[in-house]
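Below is one structure, written out as C-alpha cells, with a few remarks after it.
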Amino acid sequence: MKKIVQCVILLFILCISPFASPAQDIQRINLVPQPKVVVEQKGSFLWTNKTPVYADAVFSKVAQLFSEQSGLAAPVPLTGKMNTGIPAIVLRRQKLADTSSAEAYKIVIKPKQVDIFAATEQGAIKAIFTLMQLRLLQTEQTLVPCGEIADAPRFGYRGLHLDVSRNFFPIPFLEKLIDMMALYKLNTF
C-alpha cells in the first residue's frame, strides 16, 4: 500500500511540474519542416493587406503568386526607389552560400522590411510559402516575428502519394491538398 501511495505522489509531482516551473521563452518561429538556420530577434513585422511587395524582374511571377495567395497588393518591380515609410516585403535575386540546392533561400525579417533572398524561382517560391506558414502560425496574424531563416532541402524528393483507384476525391479537395503540399514544401505529387 505504501508503494502505491508513493507512486501516486510521484506521478502527481511529475504531472504538475511543467506548470510549476518558471515561464519559459516560447519559440515564435516554429516551422515544418524545421529550417536549417533559425535566428529569432526581438520585434515584429506588421503585415497588412496594404503591405507592398517589391520584386526583382526575374521574380515577377513569384511575387504575383505571393500577392494572390496572401491577399497583398499587386507586386511592384524593384527598379527605382521604394516607399521606405511603409513596411514592405522585398524579393531579391542573390547567390547564396548554400549552393547545393536550387531551392535554397534566406529570409531576413525586420520591423520595417522583410527581405527574401534566393538564386532561383524555386528557392523564392519555397521562401514565400515559409513566410506564409510563419504568419499563419502566429496568434496575431498581422504580426510576424523578426529573425532570420535560411534553408535548403535535405532531400531532393519530398512527395505525397494519393490512392485514387480506391478512393475518389472531388477536385476542390485535390486543389487544397496541392496548396497544403506547397505550404509544407513537398515537391512531388
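A few points about this structure:
- Any hit, the stretch 69-90, residues being under 23 Å from S44 (Cβ atoms), in a loop (DSSP other than H, G, I, E, B), at pLDDT below 85 and open to solvent by less than 50 Å² (accessible area, probe 1.4 Å): yes
- Evaluating L174 against the criteria (1) without any contact (Cβ under 8 Å) to a residue 60 or more places away in the chain; (2) in a loop (DSSP other than H, G, I, E, B) leaves one unmet condition, (2).
- Some residue of the stretch 130-153 being open to solvent by 30 Å² or more (accessible area, probe 1.4 Å) and in a helix (DSSP H, G or I): yes
Yes/no matrix, rows are residues, columns are (1) under 11 Å from the mean Cα position of the chain (by Cα); (2) at pLDDT below 90:
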{"residue": "A127", "(1), (2)": "yes, no"}
{"residue": "E140", "(1), (2)": "no, no"}
{"residue": "R154", "(1), (2)": "no, yes"}
{"residue": "G159", "(1), (2)": "no, no"}
{"residue": "N167", "(1), (2)": "no, yes"}
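- Residues of the stretch 101-129 that are surrounded by fewer than 23 Cβ atoms within 10 Å (Cβ to Cβ), of a type outside the set (D, E, K, R) and part of a helix (DSSP H, G or I): Q122, I125, F129.
The values are calculated or read from the model by the stated rules, or taken from the named source; none is laboratory data. The structure presented is a predicted model; accordingly, all values stated were derived computationally and were not measured. Please note: Cβ atoms are built from the backbone with ideal geometry, for glycine as well, and neighbour counts cover all protein chains shown. We work out accessible area using only protein heavy atoms, side chains counted, and drop any ligands, DNA or RNA first. Shrake-Rupley method; radii C 1.70, N 1.55, O 1.52, S 1.80 Å.
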